[in-house]
Every structure is written in C-alpha cells, then in structure tokens.
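The values are calculated or read from the model by the stated rules, or taken from the named source; none is laboratory data. Because the structure is predicted, anything quoted here is derived from the model rather than measured. Positions of Cβ are generated from backbone atoms using ideal geometry, with glycine treated the same way; all protein chains shown enter the neighbour counts.
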Amino acid sequence: MADSDPYMQRTAQEIRALEDAYLFPTYSRYDAVISHGSGAYLYDLEGRRYLDFLAGIAVNSLGYAHPRLVRVLEQQGRRVMHCSNLFYHPYQGALAQRLAGISGMSRVFFTNSGTEAIEGALKIARAFGRQAQRPDKSVILSLKNAFHGRTFGALSITAQEKYQAPFRPLVPDVAWVEALTADALERAFSDRTCALVLEPIQGEGGIIPLPGEFLRAARQLCDEYDALLVMDEIQSGMGRTGRYFAYQHYGVQPDLVTVAKSLAAGYPLGAILGASRIASALKPGEHGTTFGGGPLACRLALEVLDVIEEEGLLDRVSKLGDYLTAGLGELASRHATIREVRGLGLMVGVEIGPAAPDIVAALRRRGILANAAHDTVLRLLPPFIITEEQIDEFLAALDAVLAEL
C-alpha cells in the first residue's frame, strides 16, 4: 500500500525497537506490525493478510475502512474535532437520545473509554447511596471472575488476583458474590449495598453468559435493598449479541449501563446510560471530562447506529452467530480438545484448556486473528460484516490446527 507518511517508511524491526526503547513494557505484543485494514482483514508491513476474528477486542464492529465511517471522519475533521463540554454541539444530544431510545434509559454521560464509564458508574452508585441519607450505604457488589477495567475503582471490583495483587490497597467497601446462584447473590446483599455491578456475559473471564434466573434475582434484590443494578456492556453491547444490549435477551432492565468499545467502531468513546430515577444523583460539578462526547466521536457513533439499523446488522449478527456456533459444534464432535462452545451472537468462547494460547499462535501463523481469554478459552469477536465464507475460512483453519494437536 503506497503511503507518503514518513512513519510508514520505517521497517517493522525499527518500529518494534522504538516501542521497546520508549514505552512502559505493559503489553505482550504479537510480532506483526499493522499497516492497514479493509473489511474484515488486517495487513502487516510485510503485506501479510489476516482475517480478523478479534475486531480490535470487540471494537471494530464494522471492520476496517468502512466507507461511511471514512466519509464522516473526513467531513467532521474539516469541521471541528474538539470543542470541550463548555459548549454545545449538534451531535452529543442527538446521540444521547438515540442511546436512550435503544436502551430504555433516560440520561447519558459520555466518556473516552469503558474504564472511565465504570468509574463514573461507581461514583453515581455512591452518590445514590448518599441521596438515601445513609452515609454507610456504600458497599458495591461484584462477581468473582469479573473484569471491569484497570483504574483503581474498576480494578477494585475486578475480583481476579492477577490484576489486583500488585496494586493493593484498593478502593474499600467492595464485596463479592461467590457463585452464580440466586442463593449466593442473596447472601451478599445487605442494607449497606448501594449497587451490584455485573457483565451479562463475562468477557475477559472466558465468554460466560450469566444464567437468566441469576439476572432476574439480581433485579429483584436490587429493588428490595434499594440498590442500583449496573450492567457492564462494554464488550457485549452495541449489537454484538444480536441485540443492542445483552441484558435485552433476558428481559431484565438495569439502572445503569456502561458501554464503549464498538460504540464508535474504532474511535475512542464510552458512555454511562442511566434510568430516570437516578438522573439527579450527581450534582453540577461532581463529575466531568475534557474529551468525552466530542463532536467527532459522537458523529461517528451516530453513523455506526445508522449503519446497524439501515443494513439490518442485528439480525445478521444473530444469523452469523448461529452459523459460527454450528460450525464449532461440528468441530467439537471431531476434536475432543473442544470442551464447550458458548456465547451469544458474534461473542463466542470455545473452551479448550491450557492449549488455547498455542492455538491462537497457530491460527495467527495461518492468517487468522483471535485471542485467549482466561488462558483457556479461544475468544471470537469478529466484525458484524463478516461473511459465511470467511467463517468457513476460519473453521477450516481451526480444524487444521486442532488436527495438528
């Protein structure tokens, strides 16, 4: 791909050397240096093509270089990219209205990322407890095996030792639900509980859909104890499961929803969606952001919603998800390595065991991108524009890799 950008003229070795020399060593990266993308494919500097079944970890829902998003980037880039929240602009209110409509919520706060959305939701939960004139109503419940982010509040409700251990002491007044049962949930609640935070499908924990009866019990207990039900839909939301939000499969309405990742399909944007009863929990000046909800991000997210609706992508995700899981089920009948296939829509986990990282590496050598969640699960998050033929390409590659094992 011809490019006049001088940074694209460097070799892959030079690019890797610069990162190794100047970045904090927080990532275990693949060797590939990405050059560009098109549709469901990414390309590296050496010209190798990769079929992307990870979509930037559930971000690039419309794939790469989608013509409608490229057009919006060009148009809005010429107009204004940032103006701060000291001013109104045409897109933030319009996007908030759209998000409220598809979620059943009434208020929206925009952030830059999912972690920031979680942090804001935790502040709202504590403020909600304060409204009840109960200064001790501050305990936030979370689930074992959850992942909500890496900043201090988000990390404090991420009950995984490998994430928490290096950074203790963490935020206090956090308690755990020990199992995915209604009994365990009820034991965790008390009059001090101000919120329960959960992922309807645990993503980093291995693509684990929560049982419907558990979610319904969560709603009932939150009502009984006057606590907020917070759904973390950062990975599962915005159409990935075949509905806009995973909780909509279960008929359970939360009080707060956090979204990000594919909200602007590649551009950083997150949001907190809230029910009307908590609209006044935060007072003016109690929360804010410099970049969240900027004109470029909101304009892109509006276009993403238009594409999803006009191209019928929710139905497409459901049908392609069924096609993918059926193909994986057929592989499971022939390969004992596959222990379970689970998920909804195009959010699919394949329980494989400790060989999962090796399988990810072998797929990458064959030009397929995926990753391992929880070290034992092959996590599949392809873009919504994936085709049946490309799914067949992935299944053939996985079949060959499993045969080699």
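Anything in segment 260-309 that is at pLDDT below 95 and either basic (Lys, Arg) or not assigned by TED's automatic domain parsing to the domain that holds residue 138 (or both)? List them, or say none.
277, 283
Go over the candidates 93, 104 one by one and state the one that is at pLDDT 95 or above and surrounded by 15 or more Cβ atoms within 10 Å (Cβ to Cβ).
104
If you check residue 187 against the conditions, is it closer than 29 Å to residue 349 by Cα, of a type in the set (Lys, Arg) and modelled with pLDDT of 95 or more?
Considered against the rule, which asks whether it is closer than 29 Å to residue 349 by Cα, of a type in the set (Lys, Arg) and modelled with pLDDT of 95 or more, residue 187 comes out as no.
Return a yes/no flag: does segment 239-253 have any residue that is free of Cβ contacts under 8 Å to residues at least 60 places away in the same chain, crowded, with 24+ Cβ neighbours inside 10 Å and in the same structural domain as residue 176 (by TED's automatic domain parsing).
Yes.
Inspect segment 199-206 for any residue being among the β-branched types (Val, Ile, Thr), over 26 Å from residue 345 (Cβ atoms) and in a strand (DSSP E or B) and give the result as yes or no. Don't jump to the end; show me each part of the working.
Within segment 199-206, the first condition is being among the β-branched types (Val, Ile, Thr), and the residues that meet it are 201.
Now drop any that are not over 26 Å from residue 345 (Cβ atoms), which leaves none.
Checked against the condition, which is being among the β-branched types (Val, Ile, Thr), over 26 Å from residue 345 (Cβ atoms) and in a strand (DSSP E or B), segment 199-206 yields no hits at all.
Within segment 99-115, take every residue that is among the hydroxyl-bearing types (Ser, Thr, Tyr) and in a helix (DSSP H, G or I) and give me the one that is farthest from the chain's Cα centre (by Cα). Steps first, please.
The initial filter retains those residues of segment 99-115 that are among the hydroxyl-bearing types (Ser, Thr, Tyr), namely 103, 106, 111, 113, 115.
Still in the running and in a helix (DSSP H, G or I): 103, 115.
On the way: 103: 16, 115: 10 Å.
Ranking the candidates gives 103 first.
Got a sec? Which helices (runs of 4 or more DSSP H) wholly within segment 116-191 have at least 1 residues that are over 23 Å from residue 206 (Cα atoms) and not hydroxyl-bearing (Ser, Thr, Tyr)? Even if it seems obvious, please write down each step before you answer.
Details: elements: 152-156, 161-164, 182-188.
Passing ranges, in order: 182-188.
Exactly one of (1) closer than 30 Å to residue 100 by Cβ; (2) in a loop (DSSP other than H, G, I, E, B) is unmet by residue 318. Its number?
Result: residue 318 passes all but (2).
Failed condition for residue 162, given (1) surrounded by fewer than 17 Cβ atoms within 10 Å (Cβ to Cβ); (2) farther than 22 Å from residue 373 by Cβ, with all others met?
(2)
Out of everything in segment 332-347 that is touching a helix residue (DSSP H, G or I) at 6+ places or on another chain (Cβ under 6 Å) and of a type outside the set (Val, Ile, Thr), what residue ends up being surrounded by the fewest Cβ atoms within 10 Å (Cβ to Cβ)? Give the steps one after another, and end with the answer.
Restricting attention to segment 332-347, the residues satisfying the condition of being touching a helix residue (DSSP H, G or I) at 6+ places or on another chain (Cβ under 6 Å) are 335, 337-338, 341, 345-346.
This time we only want the ones that are of a type outside the set (Val, Ile, Thr), so: 335, 345-346.
Details: 335: 16, 345: 26, 346: 28.
Once the filter is applied, the top-ranked residue is 335.
Residue by residue through segment 361-379, note down the ones that are of a type outside the set (S, T, N, Q) and either touching a Leu at 6+ places or on another chain (Cβ under 7 Å) or free of Cβ contacts under 8 Å to residues at least 12 places away in the same chain (or both). Outline the logic, then answer.
First, pick out the residues of segment 361-379 that are of a type outside the set (S, T, N, Q): 361-370, 372-375, 377-379.
Result: 361, 363, 365, 367, 368, 369, 370, 372.
Within segment 14-32, how many residues are under 21 Å from residue 369 (Cβ atoms), part of a helix (DSSP H, G or I) and of a type outside the set (D, E, K, R)?
Matching residues across segment 14-32 total 1.
Counting just the residues of segment 214-249 that are of a type in the set (Gly, Ala, Ser) and assigned to a loop (DSSP other than H, G, I, E, B), which one comes out nearest to residue 323 (Cα to Cα)?
Looking only at segment 214-249, we keep the residues that are of a type in the set (Gly, Ala, Ser), and these are 217-218, 227, 236-237, 239, 242, 246.
If we keep only those that are assigned to a loop (DSSP other than H, G, I, E, B) as well, we get 227, 236-237, 239, 242.
Details: 227: 39, 236: 19, 237: 20, 239: 17, 242: 13 Å.
Within segment 214-249, the match that is nearest to residue 323 (Cα to Cα) is 242.
Examine segment 389-403 for a residue that is under 21 Å from the mean Cα position of the chain (by Cα), at pLDDT 95 or above and aliphatic (A, V, I, L, M), and state whether such a residue exists.
No, the conditions are met nowhere in segment 389-403.
Filter segment 110-126 down to the residues that are crowded, with 24+ Cβ neighbours inside 10 Å and touching a His at 6+ places or on another chain (Cβ under 7 Å) and list them by number.
Once the filter is applied, which keeps residues that are crowded, with 24+ Cβ neighbours inside 10 Å and touching a His at 6+ places or on another chain (Cβ under 7 Å), segment 110-126 yields 118, 120.
In this structure, does residue 340 turn out to be farther than 30 Å from residue 94 by Cα and in contact with a strand residue (DSSP E or B) (Cβ under 8 Å, 6 or more places away or on another chain)?
Spelling it out, residue 340 is indeed farther than 30 Å from residue 94 by Cα and in contact with a strand residue (DSSP E or B) (Cβ under 8 Å, 6 or more places away or on another chain).
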